[in-house]
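Below is one structure, written out as structure tokens, with a few remarks after it.
The values are calculated or read from the model by the stated rules, or taken from the named source; none is laboratory data. Keep in mind the model is a prediction, meaning the values are calculated, not measured. In this analysis, Cβ positions are derived from the backbone assuming ideal geometry, glycine residues included, and neighbour counts consider all displayed protein chains.
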Amino acid sequence: MSSPERTWKTIESGPHTYKEALHPVVINNYGKWKYHEIPRPGVLKHVGESGDTLFTVRAGTPRQDTVDMVRQLCDIADRYCDGHLRFTVRNNVEFLTPNGENVEPMIRDLEAMGFPVGGAGNCVSSVSHTQGWLHCDIPATDASGVVKSMMDTLYNEFKHMEMPNKVRLSTSCCSINCGGQADIAVVVKHTRPPRINHDHLSMICELPKAVARCPVAAIRPTVVNGKRSLMVDEAKCICCGACFGACPAMEINHPEHSKFAIWVGGKNSNARSKPSTMSIVAHNLPNNPPRWPEVTDAVGRILTAYKAGGRPWERVGEWINRIGWKRFFEETGLTFDEDMIDSYRHARTTFNQSAHVRF
Ligand code: SF4
Ligand code: SF4
């Protein structure tokens, strides 16, 4: 029962404002940083207009962290950083301290615990990857496993700044690609349309919702054994898997027919050149757990060629634009075929862009 004195309203959900968690030096210099530099791999030094200095030590994490591991990281933060740490979008953990003397012992402790320090500057950063089997309802593979396999081979590229520019990687465990744009993206590619379980479909799926999901209007209502159901026009279907997210009875995942594709040249920033979208340069790579050697090999070839041939500050897409696709395939040893480098020039006119339900 409310009392007359009680005038405040209880907030029952939602996160705290992030500002409560910022390091005091960050709060005091918020929006007033003068410059920053990278004195050694994995360490950033920010200098504020006030003269304050803040060191950030960045370490890679496996992303799916145990409580014990988080406690260990918190111990480091308590020991060296006044209790402050933060996680980046790429699953790195960052420790912030105004005391430069804390940097070396902190690196030593992190490395001793198995956390590689790096991921800043001209290196291969941690992989921005999607939920996989742990959280999502439609993955065809385990993005985290692919990331682990790739980064095991790229460990030194994370720890050293030997690339022409930073390299951003992403992986996605379905074709929807919530891993997003990257210099090199590993994305699941389905190679056959969904199989429809008509017995289940009419009982568990909202038919209009599944119809509306399809970007190419390939799904139509039909009647099977006297029950309302759906059919897929396989000539139109682009095997994107969007319908499976709306309707589990439209299963598209398959251990053999759901494969991997590699896309390159994505860039979100407008530094030096305008932002660019990715192009597909390898596909039909098998979904081959637990180490996905074919994927790791293709990514390794691209990185080796880029490292050898990229000019200082060229991103992967800029390097490819300079040398041309022909040389890209020669230097990486990847095999070109007619389904690659599709820029989807006509997508705007051929994709169904209407949100209306069609019955
Ligand atoms: S990429 Fe697809 S399956 Fe993976 S988390 Fe994102 S939406 Fe889910
Ligand atoms: S949503 Fe995608 S997978 Fe499903 S029918 Fe349409 S194009 Fe095919």
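In the range 232-247, of all residues being surrounded by fewer than 16 Cβ atoms within 10 Å (Cβ to Cβ) and either more than 30 Å from F329 (Cα to Cα) or more than 23 Å from the chain's Cα centre (by Cα) (or both), the one that is farthest from ligand 2 (Cβ to nearest atom) corresponds to A235. Every residue in the range 135-155 that is over 15 Å from T61 (Cα atoms) and away from ligand 1 (no atom under 16 Å from the Cβ), please. T153, the sole residue that qualifies.
Residues that are more than 12 Å from ligand 1 (Cβ to nearest atom) and either touching a helix residue (DSSP H, G or I) at 6+ places or on another chain (Cβ under 7 Å) or closer than 25 Å to P41 by Cβ (or both) within the range 167-203 comprise V167, R168, L169, Q181, A182, D183, I184, P194, listed in sequence order. Checked against (1) of a type in the set (S, T, N, Q); (2) under 26 Å from the mean Cα position of the chain (by Cα); (3) surrounded by 14 or more Cβ atoms within 10 Å (Cβ to Cβ), T66 passes all but condition (3).
Among the residues of the range 241-262, are any away from ligand 1 (no atom under 16 Å from the Cβ), under 17 Å from W319 (Cβ atoms) and β-branched (V, I, T)? No, every residue in the range 241-262 fails to be away from ligand 1 (no atom under 16 Å from the Cβ), under 17 Å from W319 (Cβ atoms) and β-branched (V, I, T). Can we say G180 is touching a residue at least 40 places away in the same chain (Cβ under 8 Å), at positive phi and more than 8 Å from ligand 2 (Cβ to nearest atom)? Answer is yes for this residue.
Can you tell me which residue within the range 159-174, out of those that are within 13 Å of the chain's Cα centre (by Cα) and of a type outside the set (S, T, N, Q), is farthest from V187 (Cα to Cα)?
First pass over the range 159-174, keeping only residues within 13 Å of the chain's Cα centre (by Cα): 167-174.
The next check asks that each one be of a type outside the set (S, T, N, Q); those that pass are 167-169, 173-174.
Working: V167: 17, R168: 14, L169: 11, C173: 6, C174: 7 Å.
Among those residues, the one meeting the criterion is V167.
Within the range 218-240, the only residue that satisfies the criterion of being under 14 Å from H190 (Cβ atoms) and not in a loop (DSSP other than H, G, I, E, B) is V232.
Of these, P215, P164, which one is part of a loop (DSSP other than H, G, I, E, B) and either more than 16 Å from ligand 1 (Cβ to nearest atom) or among the aromatic types (F, W, Y) (or both)?
Working: P215 fails: either more than 16 Å from ligand 1 (Cβ to nearest atom) or among the aromatic types (F, W, Y) (or both).
Selected residue: P164, the only one of P215, P164 that is part of a loop (DSSP other than H, G, I, E, B) and either more than 16 Å from ligand 1 (Cβ to nearest atom) or among the aromatic types (F, W, Y) (or both).
Sub-8 Å Cβ pairs linking a first residue in the range 123-148 that is outside the structural domain of G60 (by TED's automatic domain parsing) to a second residue that is of a type in the set (V, I, T) and within 16 Å of ligand 2 (Cβ to nearest atom), at least 6 apart or interchain, are I138/I176; P139/V188; A140/V188; A140/I252; T141/V188, ordered by first then second residue. Listed here are the strands (runs of 3 or more DSSP E) enclosed by the range 34-104 that have at least 1 residues being free of Cβ contacts under 8 Å to residues at least 40 places away in the same chain and over 21 Å from S126 (Cβ atoms): 43-48. Checked against the criterion of being in the same structural domain as N284 (by TED's automatic domain parsing), surrounded by fewer than 23 Cβ atoms within 10 Å (Cβ to Cβ) and within 15 Å of the chain's Cα centre (by Cα), the candidates N156, N177 yield just one match: N177.
Taking the conditions exactly as written (in a helix (DSSP H, G or I), under 16 Å from the mean Cα position of the chain (by Cα), at pLDDT 90 or above and crowded, with 18+ Cβ neighbours inside 10 Å), does V188 satisfy them or not?
On the way: in a helix (DSSP H, G or I): no; under 16 Å from the mean Cα position of the chain (by Cα): yes; at pLDDT 90 or above: yes; crowded, with 18+ Cβ neighbours inside 10 Å: yes.
For V188, the condition - in a helix (DSSP H, G or I), under 16 Å from the mean Cα position of the chain (by Cα), at pLDDT 90 or above and crowded, with 18+ Cβ neighbours inside 10 Å - is not met.
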